[in-house]
Amino acid sequence: MNNILVIVPILFQLFAGTILLFFWNKIQIQKSLSIIFSVVALVLGIWLFKLTWNEGIQFTHAGSWETPFGISFVSDLLSATLVLVASIAGLAVSLFSVGTMRKERLKFGFFPIVHFLIMGLCGAFLAGDMFNLYVWFEVVIISSFVLLTLGGTKSQLEGAIKYVSLNLLASSLFLIGIGFVYGLTGSLNFADVAIKLSAISNRGLVNVTAGIFLVAFGIKSAIFPMYFWLPASYHTPPPAVSAIFGGLLTKLGVYALIRTFTLMFGGDEFLGVMLSIIAALTILSGGLGSLLQKNLSKAFGYLIICHIGFMIAGLGMFTEVAILGTVFYLIHDIIVKTNLFMVSGLVLKINGTQDISKLGGMYKNYPVISLLLTVPLFSLVGIPPLSGFWPKIFLIQGGLATKEYFLIAFIVLGSFLTLWVVAKIWAEVFWKNGENLPVKAYGLYFNQMTRSNQMMVIIPIILLSAVSLYIGFAAEQIYVLSEKIAHDLMNPQEYIETILGIKTTLP
Amino acid sequence: MEVLLIIIIGLLHAGGLYMLLRRSMFKIIIGLILLGNGANLLIFLLGRLVKGHPPVIENGMKVFKEIYADPLPQAVVLTAIVIGFGLQSFAIILIKKVFKVLETDDLDELNSTDEEI
């Protein structure tokens with residue numbers, strides 16, 4: 001349905017970021033405003049989701065130009081779900097940064113940039129046009145550059161060099177891919193491109209274009225040979241920033257892969273095999289890398305890579321059940337990864353270090369908090385009935401249906417490696433007796449913080465854990481949702497017809 | 001004209017990739033700039049080149065009567081150039097800052113984030 005209000009979630013974040021800029025030196029006001037804005041953004045996310053769920057695809061064309069001439073914003077069920085999940089994660093990060101970020105960092109416009117980052121994410125999820133997607137990607141990465149370097153410590157700058165240069169390379173490749181698509185089809189609108197690409201007889205050219213997009217989005221989502229920037233940079237910024245990066249940024253790459261590889265380049269056998277191999281190697285390298293790490297955040301960084309592999313695996317199998325698994329995993333993963341980095345931030349706050357070999361005694365000293373932290377950790381592993389369990393079932397079902405047994409083996413291996421890592425972290429950080437921890441150079445320990453600040457650190461973790469539990473225990477609802485999304489993705493007819501307003505037949 | 005552009009695009013990409021693979025941080029930025037320009041020219045070329053026919057409908061006409069230059073690639077390239085400028089200037093400032101803090105230009109020495117802790 002043509003509905004201009006689709007862009008409200010984007011505009012609202014723009015508004016929020018701009019208003020926050022006016023309170024540059026008034027940190028206290030920024031903190032309260034950011035939380036209020038995030039709550040409103042969550043309400044808007046729920047509204048958009050309900051609208052899309054009840055009334056089907058919502059879209060608008062900029063300036064009321066007819067498609068494919070005007071820039072489209074499209075909210076199909078996948079986009080609306082991701083906007084909703086991103087706004088939940090955004091609220092949690094906003095609360096968490098109020099509790100943990102030091103004043104010196106907040107003074108340089110932390111909150112406005114967080115809102116601009118989420119604006120970019122919402123924009124990218126709602127974009128219905130390739131070049132528009134590129135622009136939103138750039139909005140996201142420039143915000144993430146600033147967040148990553150804010151504070152300017154030595155390790156942050158080092159991580160930033162790796163992150164910035166690889167992301168700029170990915171953007172260039174994305175642009176080259178856009179050039180190819182325009183050369184092949186003369187259009188940039190997703191729906192229009194999908195029709196015109198399927199009519200091209202020279203499949204070699206189409207596959208090369210797909211390959212370029214695979215590399216460009218692959219760098220951003222950290223898949224197998226292109227993930228090295230992630231473990232080198234994600235542990236360097238403060239935990240609140242790591243949380244938003246780990247939860248949302250790599251998933252943006254996965255979203256772009258899902259969108260392009262179902263709508264535009266779907267069903268190609270060569271690409272399917274390639275995605276499957278990449279997925280298997282991503283799972284393996286992420287899992288093994290995580291085992292070796294002694295730093296909590298770095299271990300979690302490798303786990304991000306490992307679990308990106310699961311989502312790519314579903315895309316590689318390319319059946320409705322497998323895509324269902326991918327979408328389900330995406331929803332679960334955004335919540336749980338954001339939570340995980342907040343957990344590592346809490347551990348840092350309590351102990352002053354993230355070195356696994358030195359940490360210990362969390363369970364003895366903070367039994368209630370430790371029990372709370374079991375929820376994100378065990379959801380990550382996927383111990384039934386927690387949230388990570390269900391999507392893996394669908395991925396394995398998809399693998400059985402397409403007879404890709406080697407991929408199933410890797411998914412099982414990946415789950416096992418995750419279990420190993422989490423068990424190791426649990427034993428070392430929570431059960432082992434702690435050594436004498438090095439004294440923290442700056443900032444307060446958790447037990448020195450005021451009661452209200454302590455709550456600000458705990459509440460977002462409770463919030464996201466509750467969402468994780470909801471996904472786990474109300475899996476049927478998420479299943480129905482993911483199934484509908486997967487069905488729409490595998491049968492893009494409706495999407496295309498709604499956007500273009502014409503009847504078509506896809507081959 | 002097309003052949004010339006193809007050669008230039010090829011050179012820009014080759015040069016850009018070569019510079020990206022060097023060990024100096026400064027040369028990486030040069031490489032990224034070259035690559036970005038190559039990509040922009042590529043879009044321009046793939047939007048088909050038409051000489052001397054701007055996309056303006058002549059006086060007294062309702063539609064185009066002959067072939068005209070596609071305005072969309074130009075708009076796309078313009079946007080991409082502007083975005084590229086922003087990102088590149090950020091990267092240059094970042095490198096300056098990194099050089100000040102770490103006192104090295106050699107990427108091989110930027111390995112403390114990969115060591116333990």
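The values are calculated or read from the model by the stated rules, or taken from the named source; none is laboratory data. Since this is a predicted model, take the numbers as computed values, not measurements. Because the Cβ atoms are built from the backbone with ideal geometry, glycine has one as well, and the counts that use them run over all protein chains shown. Just so you know, the surface numbers come from the protein's heavy atoms only, side chains and all, with ligands and any DNA or RNA stripped out. Shrake-Rupley method; radii C 1.70, N 1.55, O 1.52, S 1.80 Å.
If you check every pair at least six apart or on different chains, which have Cβ atoms under 6 Å apart with a residue in segment A:205-222 that is more than 18 Å from A:LEU169 (Cβ to Cβ) first and a residue that is surrounded by fewer than 24 Cβ atoms within 10 Å (Cβ to Cβ) second?
Taking only residues 6 or more apart or on different chains, the pairs are A:VAL206/A:LEU197; A:VAL206/A:ILE200; A:ALA210/A:PHE265; A:ALA210/A:LEU271.
Can you tell me which residues in segment B:16-75 are more than 10 Å from chain A (Cβ to nearest Cβ), among the aliphatic types (A, V, I, L, M) and open to solvent by 50 Å² or more (accessible area, probe 1.4 Å)? Spell out how you get there, then give the answer.
To start, the set of residues in segment B:16-75 that are more than 10 Å from chain A (Cβ to nearest Cβ) comprises B:18-19, B:21-24, B:26-27, B:30, B:49-69, B:71, B:74.
Still in the list and also among the aliphatic types (A, V, I, L, M): B:19, B:21, B:30, B:49-50, B:56-57, B:61, B:63, B:67, B:69.
Once the filter is applied, which keeps residues that are more than 10 Å from chain A (Cβ to nearest Cβ), among the aliphatic types (A, V, I, L, M) and open to solvent by 50 Å² or more (accessible area, probe 1.4 Å), segment B:16-75 yields B:LEU21, B:ILE30, B:VAL56, B:ILE57, B:MET61, B:VAL63, B:ILE67.
Regarding A:GLY218, is this residue away from every other protein chain (no Cβ under 11 Å), open to solvent by 20 Å² or more (accessible area, probe 1.4 Å), in a helix (DSSP H, G or I) and more than 16 Å from B:LEU42 (Cβ to Cβ)? Give the derivation first.
Details: away from every other protein chain (no Cβ under 11 Å): yes; open to solvent by 20 Å² or more (accessible area, probe 1.4 Å): no; in a helix (DSSP H, G or I): yes; more than 16 Å from B:LEU42 (Cβ to Cβ): yes.
Spelling it out, it is not the case that A:GLY218 is away from every other protein chain (no Cβ under 11 Å), open to solvent by 20 Å² or more (accessible area, probe 1.4 Å), in a helix (DSSP H, G or I) and more than 16 Å from B:LEU42 (Cβ to Cβ).
What number of residues within segment A:364-379 satisfy the criterion of being open to solvent by 50 Å² or more (accessible area, probe 1.4 Å) and among the small types (Gly, Ala, Ser)?
Qualifying residue count, segment A:364-379: 0.
For B:ILE81, indicate whether it is at the interface with another protein chain (Cβ under 10 Å from one of its Cβ atoms), in a helix (DSSP H, G or I) and under 24 Å from the mean Cα position of the chain (by Cα). Break it down stepwise before answering.
Working: at the interface with another protein chain (Cβ under 10 Å from one of its Cβ atoms): no; in a helix (DSSP H, G or I): yes; under 24 Å from the mean Cα position of the chain (by Cα): yes.
In short, no.
Given the conditions (1) at pLDDT 85 or above; (2) surrounded by 15 or more Cβ atoms within 10 Å (Cβ to Cβ); (3) not small (Gly, Ala, Ser), and given that A:ASN491 satisfies all but one, which numbered condition is not satisfied?
Only one criterion is unmet by A:ASN491, namely (2).
In segment A:52-74, what residues are in a helix (DSSP H, G or I) and more than 23 Å from the chain's Cα centre (by Cα)? It would help to see each step written out before you state the result.
Taking segment A:52-74 as the starting set, the residues that turn out to be in a helix (DSSP H, G or I) are A:52-55, A:62-64.
Across segment A:52-74, the qualifying residues are A:ASN54, A:GLU55, A:ALA62, A:GLY63, A:SER64.
Mind counting the residues in segment A:256-290 that are among the aliphatic types (A, V, I, L, M) and open to solvent by 30 Å² or more (accessible area, probe 1.4 Å)? Can you show your working first?
Going through segment A:256-290, the residues among the aliphatic types (A, V, I, L, M) turn out to be A:256-258, A:263-264, A:271, A:273-275, A:277-281, A:283-284, A:288.
Subset that is open to solvent by 30 Å² or more (accessible area, probe 1.4 Å): A:273-274, A:277, A:281, A:284, A:288.
Matching residues across segment A:256-290 total 6.
Scan segment A:25-39 residue by residue and report those that are touching a helix residue (DSSP H, G or I) at 6+ places or on another chain (Cβ under 7 Å) and open to solvent by 30 Å² or more (accessible area, probe 1.4 Å). It would help to see each step written out before you state the result.
Kept after step one, since they are touching a helix residue (DSSP H, G or I) at 6+ places or on another chain (Cβ under 7 Å), are these residues of segment A:25-39: A:27, A:30-31, A:33-35, A:37-39.
Passing the criteria: A:LYS31, A:LEU33, A:ILE35, A:VAL39.
Checking B:ILE92 against (1) open to solvent by 30 Å² or more (accessible area, probe 1.4 Å); (2) assigned to a helix (DSSP H, G or I); (3) within 30 Å of A:ASP355 (Cβ to Cβ), only one condition comes out false. Which one?
(3)
Let me confirm something: among B:LYS51, B:LYS97, B:LYS65, which residue is assigned to a helix (DSSP H, G or I) and charged (D, E, K, R)?
From the options B:LYS51, B:LYS97, B:LYS65, the qualifying one is B:LYS97.
Please return the ranges of helices (runs of 4 or more DSSP H) entirely within segment A:75-163 where 1 or more residues are more than 14 Å from chain B (Cβ to nearest Cβ) and crowded, with 24+ Cβ neighbours inside 10 Å. Before the answer, list the steps.
Working: elements: A:77-100, A:103-106, A:110-126, A:130-149.
By residue number, A:77-100, A:110-126.
Check off (1) touching a residue at least 40 places away in the same chain (Cβ under 8 Å); (2) surrounded by fewer than 21 Cβ atoms within 10 Å (Cβ to Cβ); (3) more than 11 Å from chain B (Cβ to nearest Cβ) for A:PHE228 and give me the number that stays unchecked.
For A:PHE228, the exception is condition (3).
Can you tell me which residues in segment B:95-117 are open to solvent by 50 Å² or more (accessible area, probe 1.4 Å), closer than 22 Å to A:VAL146 by Cα and at the interface with chain A (Cβ under 10 Å from one of its Cβ atoms)? Quick ask: steps written out before the conclusion?
First, the residues of segment B:95-117 that are open to solvent by 50 Å² or more (accessible area, probe 1.4 Å): B:96-97, B:99-101, B:103, B:105, B:108-109, B:111, B:114-117.
Of the ones still in play, those that are also closer than 22 Å to A:VAL146 by Cα are B:96-97, B:99-101, B:103, B:105, B:111, B:114.
Passing the criteria: B:LYS97, B:PHE99, B:LYS100, B:VAL101, B:ASN111, B:ASP114.
Restricting the search to segment A:460-477, which residues are touching a helix residue (DSSP H, G or I) at 6+ places or on another chain (Cβ under 6 Å) and open to solvent by 20 Å² or more (accessible area, probe 1.4 Å)? Spell out how you get there, then give the answer.
Initial filter on segment A:460-477 (touching a helix residue (DSSP H, G or I) at 6+ places or on another chain (Cβ under 6 Å)): A:460-461, A:463-465, A:467-468, A:471, A:475.
Correct list: A:LEU463, A:VAL467.
Suppose the filter is in contact with a Phe, Trp or Tyr (Cβ under 7 Å, 6 or more places away or on another chain), of a type in the set (S, T, N, Q) and either within 14 Å of chain B (Cβ to nearest Cβ) or within 24 Å of A:ALA124 (Cα to Cα) (or both); does A:THR282 pass it? Please lay out each step first, then the result.
Working: in contact with a Phe, Trp or Tyr (Cβ under 7 Å, 6 or more places away or on another chain): yes; of a type in the set (S, T, N, Q): yes; either within 14 Å of chain B (Cβ to nearest Cβ) or within 24 Å of A:ALA124 (Cα to Cα) (or both): no.
So A:THR282 fails the test.
Going residue by residue through segment A:181-197, is there one that turns out to be buried (at least 23 other Cβ atoms within 10 Å of the Cβ), within 13 Å of chain B (Cβ to nearest Cβ) and farther than 29 Å from A:GLY501 by Cβ?
no
Which residues, taken from segment A:240-297, are among the hydrophobic types (A, V, I, L, M, F, W, C) and within 18 Å of A:ILE334 (Cβ to Cβ)?
First, the residues of segment A:240-297 that are among the hydrophobic types (A, V, I, L, M, F, W, C): A:240-241, A:243-245, A:248-249, A:252, A:254, A:256-258, A:261, A:263-265, A:270-271, A:273-275, A:277-281, A:283-284, A:288, A:291-292, A:296.
Of everything in segment A:240-297, those that are among the hydrophobic types (A, V, I, L, M, F, W, C) and within 18 Å of A:ILE334 (Cβ to Cβ) turn out to be A:ALA240, A:VAL241, A:ALA243, A:ILE244, A:PHE245, A:LEU248, A:LEU249, A:LEU252, A:VAL254, A:ALA256, A:LEU257, A:ILE258.
Going residue by residue through segment A:241-255, is there one that turns out to be open to solvent by 10 Å² or more (accessible area, probe 1.4 Å) and not aliphatic (A, V, I, L, M)?
Going residue by residue through segment A:241-255, those that are open to solvent by 10 Å² or more (accessible area, probe 1.4 Å) are A:249.
Add one more test, that the residue is not aliphatic (A, V, I, L, M), and what stays is none.
No.
Condition check ((1) more than 21 Å from the chain's Cα centre (by Cα); (2) of a type in the set (Phe, Trp, Tyr)) across all residues:
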residue: A:PHE125; (1), (2): no, yes
residue: A:LEU166; (1), (2): no, no
residue: A:LEU169; (1), (2): no, no
residue: A:GLY183; (1), (2): yes, no
residue: A:ASP192; (1), (2): yes, no
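Checking the conditions here, which among A:LEU463, A:LEU417 is part of a helix (DSSP H, G or I) and farther than 14 Å from A:HIS307 by Cα?
On the way: A:LEU417 fails: farther than 14 Å from A:HIS307 by Cα.
Just one listed residue meets the conditions, A:LEU463.
Determine if segment A:19-40 includes at least one residue that is more than 23 Å from the chain's Cα centre (by Cα), at pLDDT below 95 and at positive phi.
No, segment A:19-40 contains no residue that is more than 23 Å from the chain's Cα centre (by Cα), at pLDDT below 95 and at positive phi.
Would you check if there is a residue in segment A:202-213 being within 11 Å of chain B (Cβ to nearest Cβ), closer than 30 Å to A:LYS337 by Cα and under 25 Å from the mean Cα position of the chain (by Cα)?
So far as segment A:202-213 goes, yes, one or more of its residues are within 11 Å of chain B (Cβ to nearest Cβ), closer than 30 Å to A:LYS337 by Cα and under 25 Å from the mean Cα position of the chain (by Cα).
Answer yes or no as to whether B:LEU11 is open to solvent by 80 Å² or more (accessible area, probe 1.4 Å), more than 10 Å from chain A (Cβ to nearest Cβ), farther than 23 Å from A:LEU168 by Cβ and assigned to a helix (DSSP H, G or I). Let's see the steps before the verdict.
Details: open to solvent by 80 Å² or more (accessible area, probe 1.4 Å): yes; more than 10 Å from chain A (Cβ to nearest Cβ): yes; farther than 23 Å from A:LEU168 by Cβ: no; assigned to a helix (DSSP H, G or I): yes.
Answer is no for this residue.
Could you check segment A:9-24 and list, in sequence order, the residues that are within 25 Å of A:TYR495 (Cα to Cα) and either open to solvent by 40 Å² or more (accessible area, probe 1.4 Å) or part of a loop (DSSP other than H, G, I, E, B) (or both)? Spell out the reasoning first.
Keep residues of segment A:9-24 that are within 25 Å of A:TYR495 (Cα to Cα), which gives A:9-11.
Within segment A:9-24, A:LEU11 is the sole residue that qualifies.
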